[in-house]
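The values are calculated or read from the model by the stated rules, or taken from the named source; none is laboratory data. Because the structure is a prediction, the values reported are computed rather than measured. Counting neighbours? That spans all protein chains shown, and the Cβs are built from the backbone with ideal geometry, glycine included.
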Amino acid sequence: MKPLLIINFKTYIEASGKQAVMLAKLIDKLAKKASVAIAVETADLYAVSKAVKLPIFAQHIDPIEEGAHTGSVLAKDVKENGARGTILNHSEKKMRYRDLRRSKEIARKNRLKTVVCVNSVHTLRRVRRFKPDYIAIESPALIGTGISVSTARPGLIKKAVKAARGVPMLAGAGISSGSDVKRALELGASGVLAASAIVRARNQKAIILEMINALR
């Protein structure tokens with residue numbers, strides 16, 4: 001399995017609406033044979049999926065199926081609008097364990113891959129039981145700081161890789177450079193989650209290339 005880079009657009013203005021399409025096209029052009037995916041806002045899924053060939057993830061789905069659920073995010077709908085997977089339980093969109101497990105089941109039913117985020121090895125062990133496609137370990141205090149989990153908490157990555165027991169493990173929080181990516185892979189991670197370091201960069205092309213080259 002190739003190391004994976006997932007770029008989370010969050011709801012930054014630099015990666016919403018028309019800007020989401022523009023950034024997705026840039027990433028698509030630079031990715032070439034590297035394993036790169038993007039996570040975009042629900043409202044941008046359709047437009048972005050029509051513009052690029054990159055795998056696209058929803059940033060969240062709710063533990064519901066068709067019915068009276070005003071304002072919820074439906075797995076079937078994100079699938080039909082171009083998503084190939086979804087992030088679940090990001091530190092900015094926490095879920096109760098039972099809802100998380102149900103969302104995972106619904107995602108599988110709709111053939112959506114899942115990246116389940118956790119903030120501790122204890123939570124990772126619980127999540128591992130329902131076999132997501134990826135588990136992402138993140139330290140919430142480092143998100144958006146520019147201080148990477150692979151630098152500040154390398155022991156957390158090592159413990160997480162061991163506890164994941166074969167489920168591919170991604171490193172998230174503060175991933176800001178190619179060296180952060182390389183270090184995470186050296187610690188045993190199967191890839192990384194990155195966000196603001198790319199989305200809000202003055203030179204997006206340069207940092208995208210730096211991280212992609214580190215994957216190789």
> Of all residues in region 105-122, how many are under 19 Å from Ala189 (Cα atoms) and in contact with a strand residue (DSSP E or B) (Cβ under 9 Å, 6 or more places away or on another chain)?
Replying inline: 9
> Taking into account only those residues within region 67-104 that are in contact with a strand residue (DSSP E or B) (Cβ under 8 Å, 6 or more places away or on another chain) and of a type in the set (Val, Ile, Thr), which is farthest from Tyr46 (Cα to Cα)?
Replying inline: Ile87
> From the list Ser16, Ser35, which one is polar (S, T, N, Q) and over 21 Å from Lys93 (Cβ atoms)?
Replying inline: Ser35
> For region 1-85, which strands (runs of 3 or more DSSP E) that fit wholly inside it have 3 or more residues that are touching a Pro at 6+ places or on another chain (Cβ under 9 Å), aromatic (Phe, Trp, Tyr) and surrounded by 20 or more Cβ atoms within 10 Å (Cβ to Cβ)?
Replying inline: none
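Going by the conditions given, is Ala201 in a helix (DSSP H, G or I) and small (Gly, Ala, Ser)? Let's see the steps before the verdict.
Numbers: in a helix (DSSP H, G or I): no; small (Gly, Ala, Ser): yes.
No; evaluated as a whole, the condition is false for this residue.
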>> Could you go through region 22-39 and let me know if any residue there is under 18 Å from the mean Cα position of the chain (by Cα), farther than 17 Å from Met211 by Cα, among the β-branched types (Val, Ile, Thr) and at pLDDT 95 or above.
In response: no
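Take residues that are crowded, with 24+ Cβ neighbours inside 10 Å, at pLDDT 95 or above and not charged (D, E, K, R) and tell me which of the helices (runs of 4 or more DSSP H) falling wholly in region 93-185 contain 2 or more. It would help to see each step written out before you state the result.
On the way: elements: 97-109, 121-128, 149-152, 154-164.
Where helices (runs of 4 or more DSSP H) fall fully within region 93-185 and carry at least 2 residues being crowded, with 24+ Cβ neighbours inside 10 Å, at pLDDT 95 or above and not charged (D, E, K, R), they are 97-109.
Output the residues belonging to region 85-109 that are of a type in the set (A, V, I, L, M) and in contact (Cβ under 8 Å) with a residue 40 or more places away in the chain.
First pass over region 85-109, keeping only residues of a type in the set (A, V, I, L, M): 87-88, 95, 100, 106-107.
Result: Ile87, Leu88, Ile106, Ala107.
Just to be sure I understand, how many residues within region 36-51 are of a type in the set (Ser, Thr, Tyr) and touching a residue at least 40 places away in the same chain (Cβ under 8 Å)? It would help to see each step written out before you state the result.
If we filter region 36-51 for residues that are of a type in the set (Ser, Thr, Tyr), which is where we start, we get 42, 46, 49.
Next, from what is left, pick out any that are touching a residue at least 40 places away in the same chain (Cβ under 8 Å): none.
The number of residues fulfilling the criteria is 0.
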